[in-house]
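Novice: I'd like to ask some things about the structure below.
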Amino acid sequence: MMLSRWNPRSPSANLDCLRSIAVLAVVACHTLLTLGYKPSDAACRVGVILFFVHPSLVLMSSLERIEQMDAPLFSTFYFRRLFRIYPLSIVCVAVIVLFQLPRAPWWPWSSPDTFTILTNLLLCMNLFYKAEVTSVLWSLPLEVQMYVFLPVLYLVGKTYRLKGVAVMW
């Protein structure tokens with residue numbers, strides 16, 4: 001996005017601000033941890049929570065745009081998400097396993113079994129209680145699960161408004 005086109009009153013500017021706060025909080029926490037300091041748990045959690053709030057808002061906007069295009073909602077949404085998240089995560093898992101890279105700089109390499117590698121490739125480690133092959137991969141299974149849940153929430157909210165969302169909650 002070019003600065004000359006940036007409009008601080010646009011919804012995307014608010015999302016950019018939210019994303020920036022999340023990135024700064026998480027980068028600060030990781031930097032402090034790497035340097036041997038213990039950052040505030042609250043500050044780190046705020047960054048992580050914002051990282052989940054932001055995609056939820058973006059995904060709801062994406063669903064609305066798909067619906068306005070008169071495209072098939074679920075197949076279009078899932079096809080886009082599949083090709084947005086899986087190719088790079090598969091490459092990362094493959095590189096980590098092939099080159100036996102440690103989970104994090106301070107952890108030694110531990111050879112994962114075949115099922116652990118498979119769950120990492122499919123981003124479903126948390127469903128099977130398997131370790132991530134790299135520590136930064138922990139949030140992607142949660143994001144994939146959001147991809148499953150949010151379109152349903154979108155349709156319920158659109159059809160039944162707040163009452164429907166409350167019932168789902």
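Novice: In whole percent, how big is the carbon plus sulfur part of the accessible area of the chain, probe 1.4 Å, protein atoms only?
Specialist: Here carbon and sulfur together make up 69 percent of the probe-accessible area.
Novice: With θ set to phi - 60° and the Karplus curve 6.51 cos²θ - 1.76 cosθ + 1.60, what are the ³J(HN,Hα) couplings of segment 73-82 in order, to the nearest whole Hz, using x for Gly and Pro?
Specialist: 4, 5, 5, 5, 4, 5, 4, 5, 5, 4
Novice: Under a Cβ-only charge scheme (Lys and Arg +1, Asp and Glu -1), can you give me the dipole magnitude of segment 69-169 about the Cα centre, in debye to the nearest 20?
Specialist: Computed charge dipole of segment 69-169: roughly 360 debye.
Novice: At 1.4 Å probe size, put I90, I96 in order of accessible surface, largest to smallest.
Specialist: Result, largest first: I90, I96.
Novice: Restrict the search to segment 20-71; then list the chymotrypsin sites (Phe, Trp or Tyr not before Pro) that DSSP places in a loop and that have at most 11 other Cβ atoms within 10 Å of their Cβ.
Specialist: Filter output for segment 20-71: Y37.
Novice: Accessible area per residue for segment 55-169 in Å², computed with a 1.4 Å probe and the full protein assembly in place, what is it?
Specialist: For segment 55-169, the per-residue accessible area is 66 Å².
Novice: Just report the Cα centroid separation between segment 93-148 and segment 28-58, whole Å.
Specialist: What the calculation gives is 20 Å, centre to centre.
Novice: Which angle from 0 to 90°, rounded to the nearest 10, does the C-alpha axis of helix 41-68 make with the longest principal axis of the chain?
Specialist: Taking the Cα atoms of the chain, the angle to 41-68 is about 40 degrees.
Novice: For T31, T159, T114, T134, give the ranking by accessible area with the largest first, probe 1.4 Å.
Specialist: T114, T159, T31, T134
Novice: Also, I was wondering about something else. Name the residue farthest towards the positive end of the dipole of the chain from the options C17, A28, F149, assuming +1 on Cβ of Lys and Arg, -1 on Cβ of Asp and Glu, about the Cα centre.
Specialist: Farthest towards the positive pole: C17.
Novice: Let me ask another. Helix 140-168 versus the longest principal axis of the chain: what angle, 0 to 90°, nearest 10, using Cα atoms?
Specialist: Once rounded, one gets 30 degrees.
The values are calculated or read from the model by the stated rules, or taken from the named source; none is laboratory data. In this text, all values refer to a predicted model and were calculated from it rather than measured experimentally. Please note: Cβ atoms are built from the backbone with ideal geometry, for glycine as well, and neighbour counts cover all protein chains shown. Calculation scope for accessible area: heavy atoms of the full protein, side chains included, ligands and nucleic acids excluded. Shrake-Rupley method; radii C 1.70, N 1.55, O 1.52, S 1.80 Å.
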